[in-house]
1. Quick one: length gained pulling Asn216 to Leu112 fully straight, 0.36 nm per residue minus the C-alpha distance?
2. Report Ser135's accessible area, 1.4 Å probe, all protein chains in place, as a number in Å² to the nearest 10.
3. Could you report region 166-219's accessible area per residue, 1.4 Å probe, as an integer in Å²?
4. What accessible surface, in Å², does a 1.4 Å probe find on Asp40, ignoring ligands, DNA and RNA and rounding to the nearest 10?
5. If r is the Cβ-Cβ distance from Ala42 to Phe5 and R0 is 35 Å, what FRET efficiency results, to the nearest 0.05?
6. First compute the accessible area of region 82-213 with a 1.4 Å probe, then give the percent of it belonging to carbon and sulfur atoms.
7. Output wanted: per-residue J couplings in Hz (rounded whole) for region 93-107, from phi through Karplus 6.51 cos²θ - 1.76 cosθ + 1.60, θ = phi - 60°, x for Gly and Pro.
8. What ranking, highest mean first, results for peptides 87-94, 24-31 when packing means the other Cβ atoms within 10 Å averaged over each residue?
Amino acid sequence: MTALFLRDLRLSIRAGGGALIGILFFLTVVAVIPFGVGPDLALLSRIGPAIVWIGALLAALLGLDRLFQAERDDGSLDLMLMQETPLVLTVFIKCAAHWTATSLPLVIASPLLGLFMNMNETAIGATMLTLFVGSPAITFIGAVGAAVAIALPRGGLLVSVLILPLTIPVLIFGVSASYAAVVGPAPFLPPFLILIALTLFFAVIGPAAAALALRNTAD
């Protein structure tokens, strides 16, 4: 499992620029918002957590279609389906490696982008924490879309269309928890705990559904 994690980590970093492309896209999305809303610093500070979350969500979608691409191209997908290791566990490890390579850098970069949005220290910390907790759910959801679209020649857009509606609850509770930590009066803990529950739920459902889709595709 460790060897699989390290292998997929290297592949995720190398494929299409890996984390660098995601960070540049994240930076672009967040950086253009002030030009659209104007120089109102109070407004930028108020919408900052939502913009950072939306930017991270869109950036996380970029490489999800390549989650099983290498295995399909080199034929190792069939070996992965026939190995003794449960396919669900293999998919989970691949999701963990993909999140480490692509989404974790977005979490690390979020404080810098929070400064672009005139967010204070509390807002930056809350947004970074909610991204760290909630972004794995996006990867687990994306694994299902990537498995469904693996046999299609242009499955990238289909993956985004399939999984974007499912990520809306993660976005809602991530932004709600970030706002609650800053402005109140709603408490921070309830939406944050729901965000954790969503991540744990998709950590179980996502790999299982992706494994089922991969087996159906192979058949």
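1. Full extension from Asn216 to Leu112 adds 33.1 nm.
2. For Ser135, the solvent-accessible surface is approximately 10 Å².
3. Heavy-atom accessible area per residue stands at 51 Å².
4. 80
5. 0.20
6. C and S atoms contribute 79 percent here.
7. Those phi angles translate into 5, 5, 5, 5, 5, 5, 5, 4, 7, 10, 8, 4, x, 5, 4 Hz.
8. So the peptides 87-94, 24-31, ranked by packing, come out 87-94, 24-31.
The values are calculated or read from the model by the stated rules, or taken from the named source; none is laboratory data. Quantities reported herein were computed from a predicted structural model and do not represent experimental measurements. Virtual Cβ from ideal backbone geometry, glycine too; neighbours counted across all protein chains shown. Side chains included, ligands, DNA and RNA excluded: accessible areas come from the protein's heavy atoms. Shrake-Rupley method; radii C 1.70, N 1.55, O 1.52, S 1.80 Å.
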